[in-house]
Amino acid sequence: MASLGGSALLVAGELYPSITAYNGKYAYEEVNGWRFFDDPSRVALIEAASSDRGLVALVQSDDVVTAPIEVDESQLRAIYWACEPHNCGSHNWALVIDRMAQKAAICQFDENAGKFAVWHVGGQPVLESDLQCPFELSQMPEEIDQALDP
């Protein structure tokens, strides 16, 4: 029975496509039958990034405008950017997942809360930036890049 359980977990783990399979795709698009946020290990990284459950739910929401996921295959780092429909300039967010470090960072920009973005890593806010949340990995603040390094 134990080996059956172990095999089932192994098989289940293999069902979820790697993060690189989502490069250029939207989070709601399926790869081998799975959407980006269907992978429980990915969801666990998101939940570990911020203790704000509302923000965690927002990041995984389907009622958004979004850009395609960008993956840096050499670092296995991905960025997902989204915003509130009809209000992108005032309310947007980004998720960066580093599969090598097994960490994630969440950026939230809410103009009503102040004219800055707040970055969350390791369950807490760690950086305020006077820029909106990035939608490309090249736009990441160096401090967040370093916080995600293994």
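Points 7 angstrom from Cα along the Cβ direction at LEU76 and THR20: gap in nanometres?
About 1.0 nm, to one decimal.
Quick check for you: which residues of the stretch 81-122 have the amide N under 12 Å from the point 7 Å beyond the Cα of GLN146 toward its beta carbon?
Nothing falls inside the zone, counting backbone N under 12 Å.
Suppose only helical runs count, i.e. DSSP H with n ≥ 4. What mean residue ellipticity at 222 nm does that imply for the chain under -39500 (n - 2.57) per run, divided by all residues and rounded to the nearest 500 deg cm²/dmol?
So the helix-based figure for the chain works out to -7500 deg cm²/dmol.
Could you grab the relative contact order for the stretch 36-150? Cα pairs under 8 Å, six or more apart, rounded to a whole percent.
24
Which Cα, out of LEU127, SER41, GLY54, lies furthest along the positive dipole direction of the chain (beta carbon charges, K/R +1, D/E -1)?
SER41
Can you put CYS133, CYS107, CYS83, CYS88 in order of Cβ neighbours within 10 angstrom, beginning with the fewest?
Ascending number of Cβ neighbours within 10 Å: CYS88, CYS83, CYS133, CYS107.
For a quick check, take a GNM of the chain with Cα springs below 10 Å and name the residue from LEU45, LEU15, LEU58 with the largest mean-square fluctuation.
LEU15
Output the 0 to 90 degree angle, nearest 10, between the alpha-carbon long axis of helix 40-49 and the longest principal axis computed from the alpha carbons of the chain.
For helix 40-49, the angle is close to 30 degrees.
What is the fewest-to-most order of HIS91, HIS86, HIS120 by other Cβ atoms lying within 10 Å of their Cβ?
Ascending number of Cβ neighbours within 10 Å: HIS86, HIS91, HIS120.
The numbers here are math on the coordinates, done by the rules we state, and not lab data. Model, not experiment: these values are computed from the prediction. A quick note on method: Cβ atoms are made from the backbone with ideal geometry, for glycine too, and the neighbour counts reach across all protein chains shown.
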